[in-house]
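Q: Got a structure for you, questions after.
The values are calculated or read from the model by the stated rules, or taken from the named source; none is laboratory data. Quick caveat, the model's predicted, so the values are computed rather than measured. Cβ placement follows ideal geometry from the backbone for every residue including glycine, while neighbour counts extend to all protein chains displayed. Note: areas computed on protein heavy atoms with side chains; ligands, DNA, RNA excluded. Shrake-Rupley method; radii C 1.70, N 1.55, O 1.52, S 1.80 Å.
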Amino acid sequence: MSVPGAGETRRLVGIGLVAGVLSALMGVGGGILVVPALTVLLGFPIKVATGTSLVAITATALTGAAVYGLLGYVDVGSALLLGLPAAVGVLFGAQLQQRLSGDTVQLAFAAFLVAVAGALLVRA
Amino acid sequence: MRVVLEITATGVAAGFLAGMFGVGGGILMVPAMVLLLGFSQLDAQATSLAAMLPALGAGALRQRHFGNVRPRAAVTVGVCSLAGVGLGTVLATSLPERVLQVLFSVLLLVVAFRLLWEVRGRRRAPLAHAATGLSHTPVPDAAAIDPVGSRP
């Protein structure tokens, strides 16, 4: 296992800082930033970038959840009702990725995300 | 009871889509809570962080089992992220609700754009594009790589 050099360490520190802000500011894990950053800036293979990101952002999300929980913003009941089924759902989705996720479906999902963004903007 | 079923179904759907398209659970759970369950943006974001923990934790353990984790990099990113979390929490609790909603909408657009870009990349240079993590090209063990959609 290679030890990160000084340049690598600086990049990892930077990635961590930005990912932490993104996670706590937006309520997301941070992987959308960490995975590409690890592949592009540190040359990690995609599998390793994904796995390493998952471990790192578990700590990030956990800390964010704890802080928000102490501040009273977390609805624990809803978190469990959403989060436990979601964990199951993710496994199914990942398994079906090969069979179902083609270009058309992915474009449709992208359009769906744009629609959701629009719905949020209308409310804002 | 009906509400419980609705929320559960929403969770499954959000997780399923996240797993299938390689996006993180938060991206879908936050809007679901705001638009379908009437949460405020901040409450939804906070609850989302708690909700994604089971999926993240299970995924992280699984990836360690597969040997896909570089411990020092993970620790460095993870520990440094905590400082970021501090700043992010201060920002999120200080900014107006509508600013958070606009920012989140922008995040959704960024994710949507990334998906479009991946499709475009696959059509032009399928093999090269798959290596950076910016492509969602299915690879033989995609489910092993990304069982919980680690992004975002």
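Q: When the accessible area of chain A is split by element with a 1.4 Å probe, what percent falls to carbon and sulfur?
A: In chain A, the share of accessible area belonging to carbon and sulfur is 71 percent.
Q: Ok, one more. What does the extension gain come out to for B:Val79 and B:His65, with contour length at 0.36 nm per residue minus their alpha carbon separation?
A: 2.9 nm is the gain from fully extending B:Val79 to B:His65.
Q: Accessible surface of A:Asp75 in the full protein assembly, 1.4 angstrom probe, to the nearest 10 Å²?
A: Result for A:Asp75: roughly 60 Å² accessible.
Q: Here's something else I'd like to know. From the helices alone, meaning DSSP H stretches of at least four residues, give me the mean residue ellipticity at 222 nm for the protein assembly as shown, per-run term -39500 (n - 2.57), in deg cm²/dmol to the nearest 500.
A: Helix contribution divided over all residues of the protein assembly as shown: -26500 deg cm²/dmol.
Q: From the residues B:Gly84, B:Pro31, A:Val40, which one has its Cα farthest along the dipole of the protein assembly as shown in the positive direction, the dipole being from +1 and -1 charges on Cβ of Lys/Arg and Asp/Glu about the Cα centre?
A: With unit charges placed on the Cβ atoms, the residue in question is A:Val40.
Q: Now, a different point. Can you give me the pair-distance distribution of the protein assembly as shown, C-alpha pairs, 10 Å bins, whole percents?
A: Taking all Cα pairs of the protein assembly as shown, the binned fractions are 8, 33, 39, 18, 2, 0 percent.
Q: Find, to one decimal place in angstroms, the Kirkwood hydrodynamic radius of the range B:11-85, where the mean of 1/r is taken over every pair of different Cα atoms and then inverted.
A: Computed over the range B:11-85, the radius equals 13.8 Å.
Q: Based on the mean of other Cβ atoms within 10 Å per residue, sort peptides B:55-67, B:84-96 so the most packed one is first.
A: Sorting B:55-67, B:84-96 by mean packing, highest first, produces B:55-67, B:84-96.
Q: Please state the charge dipole magnitude for chain A, taken about the Cα centre, from unit charges on C-beta atoms (+1 on K and R, -1 on D and E), reported in debye and rounded to the nearest 20.
A: Here the size comes out at about 120 debye.
Q: What does the convex hull of the Cα atoms come to per residue for the range A:60-118, in Å³?
A: Cα convex hull per residue, to the nearest whole number: 124 Å³.
Q: At q = 0.09, 0.11, 0.21 Å⁻¹, what is the base-10 log of I(q)/I(0) for the range B:1-134 according to the Debye formula with one equal point scatterer per Cα and no solvent? Please give it to two decimals.
A: -0.35, -0.53, -1.40
Q: Kindly sort A:Thr52, A:Thr9 by accessible area of their heavy atoms, largest first, with the probe set to 1.4 Å.
A: A:Thr9, A:Thr52
Q: Here is a further query. Counting only protein heavy atoms and rolling a 1.4 Å probe, how much accessible area do B and A lose on contact, total for both sides, in Å² to 100?
A: 8700
Q: Please give the direction-averaged projected area of the C-alpha convex hull for chain A, in square nanometres with one decimal.
A: Over all viewing directions, chain A projects a mean Cα-hull area of 10.3 nm².
Q: Roughly speaking, to the nearest percent, how much of the range B:1-40's 1.4 Å accessible area is carbon and sulfur?
A: The nonpolar share, carbon plus sulfur, comes to 74 percent.
Q: Only helices at least 20 Å long along their axis, Cα-based, and averaging 0.5 or more on Kyte-Doolittle count here, so list those DSSP H runs from chain A.
A: A:6-26, A:46-71, A:76-100, A:103-123
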